[in-house]
Amino acid sequence: MVGQLPVKILGTLQVWLVLGLLMATTMLTGCHYEQPAALRLQAARSALQNQLSSVEQTNDGSSVCRLLVECFKAALSKVDSLPENRLTSPIPVFAVVWQKDNRLALQISWVEDGFDVSGFYLSDKSGKVTEYPGVIGFNRDQGSFLTDTAWRERWVPVILDTSDKSWKNQWVPGVDPPPILLPVLDYAKGEIRLGLLTKSGRESSTVTVGFGRKK
């Protein structure tokens, strides 16, 4: 079960996120037709709750663990306070810049009933905002897999210098999207916020960007 994974779970974060999503979707989906919006939202909430429980049970006191606990609780609170159980705009759940073998990737999670999110923006402590439109998307197979849940997640490869031509995907096997250029910021200080971009522009809800190392 997801909640019984060991402390090393942070080294395989993507695995338990997918497990949580699959568990929630499996419980609520018995047929291959699109579920009503309320059930899609319920599936996403179940995934959030499963993942929060996993982090709480394997919490090693790291900054990433603390951030994830805070983010999952905040997202659950937002979902539970939706009027008439209706999701009218995307809710960011968490964002973490991961480092592995001197390579970086940004993992973004959010709740959305649809596929309007197409990018994100970063805001530093001075208020400077940098937008990254058109860097988030789902192909037909990915969209079909997510039809019955409002849970969304993407891994975005990152470079800090345009001269870096040696980037190779270490995060999602079989996927090789072009990396994006992020500003050189101290993400470990928790001073950077991330918000989502849709066709309508910037969504006001943001989350703190965390920083972690993967073995």
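The values are calculated or read from the model by the stated rules, or taken from the named source; none is laboratory data. These numbers come from a predicted model, not from an experiment. Methodologically, a virtual Cβ is constructed for each residue, glycine included, from the backbone with ideal geometry; neighbour enumeration extends over all protein chains shown.
Can you pull out the residues in region 87-113 that are more than 23 Å from Lys214 (Cα to Cα), of a type outside the set (A, V, I, L, M, F, W, C) and in contact with a strand residue (DSSP E or B) (Cβ under 9 Å, 6 or more places away or on another chain)? Outline the logic, then answer.
Just the residues of region 87-113 that are more than 23 Å from Lys214 (Cα to Cα), to begin with: 87-91, 111-113.
Adding the requirement that they be of a type outside the set (A, V, I, L, M, F, W, C) leaves 88-90, 112-113.
Residues satisfying the conditions are Ser89, Pro90, Glu112.
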Original post:
Any idea which residue in region 51-96 is farthest from Ile192 (Cα to Cα), counting only those that are surrounded by fewer than 14 Cβ atoms within 10 Å (Cβ to Cβ) and among the acidic types (Asp, Glu)?
Top reply: Glu84
Subject >> Qualifying positions in region 135-156 - part of a loop (DSSP other than H, G, I, E, B) and touching an Asp or Glu at 6+ places or on another chain (Cβ under 6 Å) >> reply: Thr147, Ala150
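Of these, Lys128, Lys100, which one is surrounded by fewer than 18 Cβ atoms within 10 Å (Cβ to Cβ) and at pLDDT 90 or above?
Residue meeting the stated conditions: Lys128.
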Original post:
What single numbered condition from (1) farther than 21 Å from Pro183 by Cα; (2) touching a Lys or Arg at 6+ places or on another chain (Cβ under 6 Å) fails to hold for Phe72?
Top reply: (2)
Original post:
Could you list, in sequence order, the residues of region 32-54 that are in contact (Cβ under 8 Å) with a residue 40 or more places away in the chain and touching a Phe, Trp or Tyr at 6+ places or on another chain (Cβ under 8 Å)?
Top reply: Ala43, Ala44, Ala47, Leu48, Gln51, Ser54
**OP:** Pairs only if they're at least six apart or on different chains, beta carbon under 9 angstrom, first in region 86-105 and among the hydroxyl-bearing types (Ser, Thr, Tyr), second part of a strand (DSSP E or B) and at pLDDT 90 or above; list them, first residue then second.
**Re:** Ser89/Leu196; Ser89/Thr198; Ser89/Glu203; Ser89/Ser204; Ser89/Ser205
Original post:
Can Asp161 be described as of a type outside the set (S, T, N, Q), in a loop (DSSP other than H, G, I, E, B), surrounded by fewer than 19 Cβ atoms within 10 Å (Cβ to Cβ) and without any contact (Cβ under 8 Å) to a residue 24 or more places away in the chain?
Top reply: yes
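When you check Thr206 against the structure, is it at pLDDT 90 or above, of a type in the set (Ser, Thr, Tyr), touching a Leu at 6+ places or on another chain (Cβ under 8 Å) and on the phi < 0 side of the Ramachandran plot, yes or no? It would help to see each step written out before you state the result.
Numbers: at pLDDT 90 or above: yes; of a type in the set (Ser, Thr, Tyr): yes; touching a Leu at 6+ places or on another chain (Cβ under 8 Å): yes; on the phi < 0 side of the Ramachandran plot: yes.
Answer is yes for this residue.
Which ranges mark the strands (runs of 3 or more DSSP E) fully within region 90-134 that have 2 or more residues being among the small types (Gly, Ala, Ser)?
Values: elements: 91-100, 103-111, 119-123, 129-132.
Correct list: 103-111, 119-123.
Can you tell me which residue within region 37-63, out of those that are of a type in the set (D, E, K, R) and not in a loop (DSSP other than H, G, I, E, B), is nearest to the chain's Cα centre (by Cα)?
Within region 37-63, the first condition is being of a type in the set (D, E, K, R), and the residues that meet it are 40, 45, 56, 60.
Those still in the list that are not in a loop (DSSP other than H, G, I, E, B) too: 40, 45, 56.
Numbers: Arg40: 17, Arg45: 14, Glu56: 18 Å.
Step by step, filter region 37-63, then rank; the result is Arg45.
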**OP:** Answer with yes or no whether Arg140 is at pLDDT 90 or above and of a type in the set (Lys, Arg).
**Re:** no
